[in-house]
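Below is one structure, written out as structure tokens, with a few remarks after it.
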Amino acid sequence: MKFFIFLITVGSFSLAGSQINNFFDLWTDLFRPLPQNKKEGFIPDYTPKDKQDYDFIIIGAGSAGCVLANRLSEIKKWDVLLLEAGGNENFFSDIPIFAPFMSITPMNWDYTSEPEKRACRDLRGNVCYMPRGKVLGGSSVLNFLIYQRGHPEDYNDWARMGNNGWSYDEVLPYFKKSENIRINELKNSTYHGVGGYMDIDYASYSSPLDDAFKGAGEELGYEWNDPNGEKLIGFSKPQATIRNGRRCSASKAFLEPVRFRKNLKVSKFSTVKRILINSDTKTAVGVEFIKHNKRRRVFARKEVIIAAGTIGSAQLLMLSGIGPQDHLLDVGIKPIIDSPVGYNLQDHVTFSGNAFIVNQTGLCVNDMLAASPSSAAAYMAGRGPLTLPGGAAGLAFTQTQYGSDLAEGRPDIELVMGAGSLAGDFLGIIRSLLGVTDQFYWKVYGSLPLKERQQSFAINPVLIRPQSYGRLTLRSASFDDHPKIHPNYFDHPNDMKALREGVRLTQKVINTRAFQRYGTRLNTVPFPGCEHLIFDSDEYWECAIMQTSITLDHQVGTCKMGPASDPTSVVNPRLQVKGINNLRVADASIIPRIPASHTHAPVVMIAEKAADMIKEDWIHL
């Protein structure tokens, strides 16, 4: 019944984002997730008293914060406080294919970039939408659930940069520690773990296009492989954070099983405004936060650990006086430590908008199918199209000529095959997520018959080894003002060339015998702003990429990890903030060089390793 109420609501409010937000504010507590086992359940809310102290204060209950809270509270003598600005997950966030919908609810911080010269040019407001989770579980509640770690040399690069302890051989045990692989053929793999908190599985749903994708890869000379195994380049079925057909978020995996530990307190709707730092001793002593419009201060006997994400962690450090001195002075903040916070911003950008049309029904998924009673019934049994991780049905990794500086076997382009396409976005939910305007939608897809829009899917190329760097800066001295985000996509010319080659690879894929069996063809209506160029020329595709390229929501690097000799780094290899005592950062912001991965898996690994380092530093004190 809950599911059908939701479908009616989506149909009513599909064109009114604010109404959807109000709906979620009102009904989140009512539509709580259905427990899948005895370990799952509602996490009690706790409100700290003003000036209360704890051993550890963790800021952010996202992918990293949930892991840290779990592992640190294993030590019974330690009191752990976890502060989260958002509230609970709900029934709808559990549904894997509904990932795009979650980003237009209050579960999203609603960040956008500053206007970009070479990206997002035809999106709403000419900015890139950057969803980040504001909910227990953080962005693991909004993401597309794909579990993929990257290439071993990505982590060896970190070690070569002077980050001792972060080589692939040293981090692989932490990947395996958190994992409970449920894919039978991988349970005995040396690359996977069994018995961890986080379930990894395939979606139960498949269509003939899945076989076509596998066949296309074989025709083009690629292996069908484990994208988290020995070789990354190849074609594969997405591994995802799924438990019995439902999303297995970081909160479900790591927080809910330990929710009754007496030494772990979780305070929801608690927005941290700044870190409290003794400027004389350069020591973090606590945090200041707002809950229910009341300002509170709490203190840490041992450490404050920031796990607020690439955007939130950098913003909090700068608001607390840790950042580029000149910039802090410009916005009216007294610097405590001059640190390169906010630099080194990296992200994976993808080209969206192409729709591939097939000549048979029943092969593709669109929002009308997702809203059907048959799909709802299948989902309740853990099956059907709603179990697809964000709609993703296939992954492929390859190396273009523009990744020639990489060792053989290290990819610079990923393909993500979606079971549907933007053309089938009848309710406008994906448009709202991406920032695609209605004008663009009708201009590009409006001339297609309804049947063809229903029978369409996507293959989106992703730039997974970008050479461009951006920066995050403060807009003001107030946490309430979102920071300025400058991704600087395609600043390096090879990035555009590599993504253009990714588009060419998608064309090779659909022209294989495996896909031509279904008469697969590209929608050839040119993108607005690119009509003056010859369709399918290199110039056309570069124009199209700049019009609708979007983030894959993999921002990293703004609190870069590096050795003492690295003046561009913010934290050391033990993730301690340089120049400040008792303060660490443990999330995607510490990543020095973005891996060829979907970043949820690396962030969980980082938190697992950080928890062990913290235990090493404090267990005997």
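Numbers below:
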item	result
Single residue of region 230-244 satisfying the filter (open to solvent by 10 Å² or more (accessible area, probe 1.4 Å) and touching a residue at least 40 places away in the same chain (Cβ under 8 Å)) that is nearest to F356 (Cα to Cα)	K237
Exclusive hit being polar (S, T, N, Q), in contact with a Gly (Cβ under 7 Å, 6 or more places away or on another chain) and either open to solvent by 30 Å² or more (accessible area, probe 1.4 Å) or assigned to a helix (DSSP H, G or I) (or both), set S374, S432	S432
Extreme residue, surrounded by the most Cβ atoms within 10 Å (Cβ to Cβ), among residues of region 580-598 that are part of a helix (DSSP H, G or I) and touching a Cys at 6+ places or on another chain (Cβ under 6 Å)	S589
Helices (runs of 4 or more DSSP H) within region 98-198 that include 1 or more residues in contact (Cβ under 8 Å) with a residue 12 or more places away in the chain, closer than 19 Å to E608 by Cβ and open to solvent by 10 Å² or more (accessible area, probe 1.4 Å)	152-160, 168-178
Cross-chain or 6+ apart pairs with Cβ under 8 Å, region 523-538 first and closer than 12 Å to F440 by Cα, then among the charged types (D, E, K, R) and in a loop (DSSP other than H, G, I, E, B)	F527/D122; P528/D122; G529/R121; G529/D122
Breaking point among (1) assigned to a loop (DSSP other than H, G, I, E, B); (2) open to solvent by less than 60 Å² (accessible area, probe 1.4 Å); (3) of a type in the set (D, E, K, R), for E452	(1)
Of all residues making up region 599-618, the number that are in a helix (DSSP H, G or I) and either modelled with pLDDT under 95 or not aliphatic (A, V, I, L, M) (or both)	9
Unmet requirement for G215, which otherwise passes all of (1) in a loop (DSSP other than H, G, I, E, B); (2) out of contact with any strand residue (DSSP E or B) (no Cβ under 8 Å at 6 or more places or on another chain); (3) more than 16 Å from H151 (Cβ to Cβ)	(1)
Count of region 435-444 residues which are in contact with a Gly (Cβ under 9 Å, 6 or more places away or on another chain) and part of a helix (DSSP H, G or I)	4
Residue match in region 403-421 (condition: surrounded by fewer than 24 Cβ atoms within 10 Å (Cβ to Cβ) and of a type in the set (S, T, N, Q))	yes
Qualifying residue in region 86-97 (condition: touching a residue at least 40 places away in the same chain (Cβ under 8 Å), open to solvent by 10 Å² or more (accessible area, probe 1.4 Å) and in a helix (DSSP H, G or I))	yes
Failed item in (1) in contact with a Cys (Cβ under 6 Å, 6 or more places away or on another chain); (2) open to solvent by 60 Å² or more (accessible area, probe 1.4 Å), with E219 passing the rest	(1)
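The values are calculated or read from the model by the stated rules, or taken from the named source; none is laboratory data. Not measured: the values here are computed from a predicted model. Counting neighbours? That spans all protein chains shown, and the Cβs are built from the backbone with ideal geometry, glycine included. These accessible areas exclude ligands, DNA and RNA; they are computed on the full protein's heavy atoms, side chains included. Shrake-Rupley method; radii C 1.70, N 1.55, O 1.52, S 1.80 Å.
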